[in-house]
Amino acid sequence: MQTSELNYFKEILESRREQINKNIDSGNSELNSLNSIELKDEGDHASVNNNSMVESAIVMQQMQELDEIEVTLGKIADGNYGVCEMCEDLIGFQRLKVKPHAIYCIDCREIIEKSK
């Protein structure tokens, strides 16, 4: 992969990392505010509990994506970016444009998903 392409993906990943960090901070603030609400009845408890579960799930998903981005940025630094972890072929440029932190090519991703 050319240096200009690596820089392109690095910028996208760093921008996404920044956005995810903001999202996680916002989600954690939302969870803290939900925990500090004075609840008066079972309906309030149910509503706050539901909102807390949704916010927690979102934060967990964002943290997982953040971990994947950190690994990918390490691969860029090491010169291993864009190589499928299963077949070791190059991951297509169009796939990386859609998901810059992809670790599998399209074919291997389908195999992984079918095996789950």
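List of remarks:
- Leading residue by the ranking (farthest from I103 (Cα to Cα)) among those in segment 57-92 that are loosely packed, with under 14 Cβ neighbours inside 10 Å, among the polar types (S, T, N, Q) and within 17 Å of the chain's Cα centre (by Cα): Q61
- Yes/no for N32 being outside any helix (DSSP H, G or I), exposed (fewer than 14 other Cβ atoms within 10 Å of the Cβ) and either without any contact (Cβ under 8 Å) to a residue 12 or more places away in the chain or touching a Gly at 6+ places or on another chain (Cβ under 9 Å) (or both): no
- Listed by first and then second residue, the pairs with beta-carbon distance under 7 Å, at least 6 apart or on different chains, first residue in segment 4-16 and over 22 Å from M63 (Cβ atoms), second surrounded by 15 or more Cβ atoms within 10 Å (Cβ to Cβ) and hydroxyl-bearing (S, T, Y), are L6/Y81.
- Residue in segment 70-77 that is among the β-branched types (V, I, T), under 19 Å from S26 (Cβ atoms) and assigned by TED's automatic domain parsing to the domain that holds Q2 present: no
- Filtered residue count, segment 1-46, keeping only those that are in contact with a Ser or Thr (Cβ under 7 Å, 6 or more places away or on another chain) and at pLDDT 90 or above: 1
The values are calculated or read from the model by the stated rules, or taken from the named source; none is laboratory data. All figures in this text were calculated on a predicted structure; none of them were measured in a lab. Here Cβ is always computed from backbone atoms with ideal geometry, including for glycine, and neighbour counts include all displayed protein chains.
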